[in-house]
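The values are calculated or read from the model by the stated rules, or taken from the named source; none is laboratory data. Bear in mind the structure is a predicted one, so any value in this text is a computation, not a measurement. Reconstructed Cβ throughout: ideal geometry from the backbone, glycine too, with neighbour counts over all protein chains shown. Note: areas computed on protein heavy atoms with side chains; ligands, DNA, RNA excluded. Shrake-Rupley method; radii C 1.70, N 1.55, O 1.52, S 1.80 Å.
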Amino acid sequence: MGLLGGQQNGNAAENGIAGSEFQLGGSKTKYQRMESEVGETAEDAPLTDKNTRRYVLACAIFASLNSVLLGYDVGVMSGAIIFIQEDLKLTNVQLELLVGILSIVSLLGSLAGGKTSDVIGRKWTIALASIVFQTGALIMALAPNFTVLMIGRLFAGVGIGFGVMIAPVYIAEISSATARGSLTSLPEIFVNFGILLGYISNYVFSGLPAHISWRVMLGVGLIPSIFLGFSLFVIPESPRWLVMQNRMEDARMVLMKTNESEKDVADRLAEIQQAAGMANAENYEAKAIWREIVSPNPAVRRMLITGCGIQCFQQITGIDALVYYSPTIFKDAGIKGNTEVLAATVVVGFTKTVFILVAIFLIDRVGRKPLLYVGTIGMTACLFVLSVALALPGQGEVGIGVAILAVCGNVAFFSVGIGPICWVLSSEVFPLKLRAQASALGAVGSRVSSGVITMSFLSVSGAITVAGTFFIFSLISALSVAFVHTCVPETKGKTLEEIEMLFQDKGEWQGSGEVEMGDAERLVENKLPTIEPVTSLEPYRQVARYIN
């Protein structure tokens, strides 16, 4: 927020305003270089910067471990339900309920997650999410019947609800503007990695007896909790949450670990205080925050449309149905035998994981909106091709090959576009005082959408065929392209305060590019109604800092 390191000077330069900072306020890069000339060698300075970036990356990785659990559950359940149905003699409706209830129940965790993260902190909400999920996973692995299996599924769903909303919020609050997109996409990367592990687990343990194989598959998901336990000794609390609790010294200590210089720490702490309303001693009660969300002003309404809308489109385009029921899809395409079907799902999981890694390298270079265009258009085409491949009977090996390519193409475009960028945007577009609750609301929309899709897929595909179901998904995906065009601004390289300014102007909200000079002027006017001059150059230094 605000001054996030010397990397942002380039962004300021693009807007034609960095010159005053170089001339009058001094850039951070030069500030650090002068420090290194006086107090340290030139070789030492880059090492400090590198260590800081590594520490922030480590925090983001550890905060994302809950996402491995979510991904593993999604991936492993796609194969486990084959053996669960055989062992417990479940109907298709029971299978739909078992698969889809997790997403529905997770909304309880997401709703509670916003308030919980404001009360106990972002860090310990991550821990709570893991504990609740692992309790559910253990119950499921030991379940003797459908009822106990559903109880475990309910616990797992609540844990996932906590996890999916808190990790992006935490990462966004410890990251710089230039790295925030890549780091905030880590949870989605870990979800994909978890899905791949789940698919591999299905394939590896598919040779065991039916009454044992699915229990082993689910039980293996407990392993990531060990690493998550260690992570709690590494990651700090969010400095923004600490400021909201008026724990300034603790916030300063965290910022010392995530910034390259004491000057950066002082600048960021001051800006976080101002964003949190601490400068005016404003404390926002939960009821007032929810009132602002329920009865939003035009700017907040645009934020909610963008943040919550992108969450819903991520799910209603059918990605969870495709992942959960990929064995059903491949069987409908003509693949015979459980082992061959599960082997095909491994290929899908590998594709999904590889392309999410592509996204992390592009998201802060290319930008959010171009990747969303590529992803949604590509998904629309692949879903349409899949529906055609499944609708044409008697295609044999050709039909199977086209179906597999279409499924892999769909998950690839999803992983490059709306998959990771959905979480990045939902953690960026809301102001600090609304971020936890609004992000929770967006996660609720995502989980409800996922639950509706997964709990109805088998019934709908039985009524209109699997091909017809995916044709509907292709139409919804086409609508997501229009949504991206009209409702999603470009947020690449912008501070959280600059992003907030984008939503103040409807024209900029619809298809915004870089922050214009007028935005910077309004930002200065809003944030600095008066500037008390200390020296003849001090006002210019303050203006340069706030513009950047």
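Quick notes on this one:
- Among (1) over 17 Å from the mean Cα position of the chain (by Cα); (2) in contact (Cβ under 8 Å) with a residue 60 or more places away in the chain; (3) open to solvent by less than 10 Å² (accessible area, probe 1.4 Å) - the single one D87 does not satisfy: (3)
- Hits in the stretch 392-445 (condition: aromatic (F, W, Y), at pLDDT 80 or above and closer than 22 Å to L362 by Cβ): F413, F414
- 3 or more residues closer than 29 Å to K336 by Cα: qualifying helices (runs of 4 or more DSSP H) within the stretch 383-492: 396-416, 432-487
- Scan the stretch 293-318 for residues that are within 18 Å of the chain's Cα centre (by Cα), open to solvent by 20 Å² or more (accessible area, probe 1.4 Å) and among the hydroxyl-bearing types (S, T, Y) and the total you get is 0.
- When the residues of the stretch 347-383 are filtered to those that are buried (at least 20 other Cβ atoms within 10 Å of the Cβ) and β-branched (V, I, T), the one that is farthest from I472 (Cα to Cα) is I363.
- With a requirement of 3 or more residues that are in contact with a helix residue (DSSP H, G or I) (Cβ under 9 Å, 6 or more places away or on another chain) and free of Cβ contacts under 8 Å to residues at least 40 places away in the same chain, the helices (runs of 4 or more DSSP H) lying completely within the stretch 142-236 that satisfy it span 146-174.
- Where W214 falls short, out of the listed (1) at pLDDT 85 or above; (2) under 26 Å from M165 (Cβ atoms); (3) open to solvent by less than 10 Å² (accessible area, probe 1.4 Å): (2)
- Cross-chain or 6+ apart pairs with Cβ under 7 Å, the stretch 107-127 first and touching a residue at least 12 places away in the same chain (Cβ under 8 Å), then open to solvent by 10 Å² or more (accessible area, probe 1.4 Å) and charged (D, E, K, R): L107/R447; S110/R447; G121/E237; R122/E237; K123/E237
- Only residues that are of a type outside the set (K, R) and either open to solvent by less than 10 Å² (accessible area, probe 1.4 Å) or outside any helix (DSSP H, G or I) (or both) were counted in the stretch 109-124, giving 7.
- Scanning the stretch 474-520 for residues that are open to solvent by less than 10 Å² (accessible area, probe 1.4 Å) and modelled with pLDDT of 85 or more yields a total of 6.
- Condition met for I272 (among the hydrophobic types (A, V, I, L, M, F, W, C), buried (at least 18 other Cβ atoms within 10 Å of the Cβ), modelled with pLDDT under 85 and under 21 Å from V424 (Cβ atoms)): yes
- Just one of the listed residues (T376, T380) is under 30 Å from E497 (Cβ atoms), polar (S, T, N, Q) and at pLDDT 90 or above, namely T376.
- Matching residues in the stretch 413-436 - criterion: being open to solvent by less than 10 Å² (accessible area, probe 1.4 Å) and either farther than 20 Å from P296 by Cβ or free of Cβ contacts under 8 Å to residues at least 40 places away in the same chain (or both): F414, S415, G417, I418, G419, P420, I421, C422, V424
Quick grid of which residues meet (1) buried (at least 21 other Cβ atoms within 10 Å of the Cβ); (2) over 21 Å from the mean Cα position of the chain (by Cα); (3) of a type in the set (V, I, T); (4) within 18 Å of A58 (Cα to Cα):
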site	(1), (2), (3), (4)
P187	yes, no, no, yes
V204	no, yes, yes, no
I226	no, yes, yes, yes
L232	no, no, no, yes
R240	yes, no, no, no
V243	yes, yes, yes, no
N246	no, yes, no, no
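- Flag if S64 is closer than 24 Å to G219 by Cα and in contact with a Ser or Thr (Cβ under 9 Å, 6 or more places away or on another chain): no
- The listed residues are A321, A333, and the only one of them that is touching a residue at least 12 places away in the same chain (Cβ under 8 Å), crowded, with 17+ Cβ neighbours inside 10 Å, over 28 Å from A438 (Cα atoms) and of a type in the set (G, A, S) turns out to be A333.
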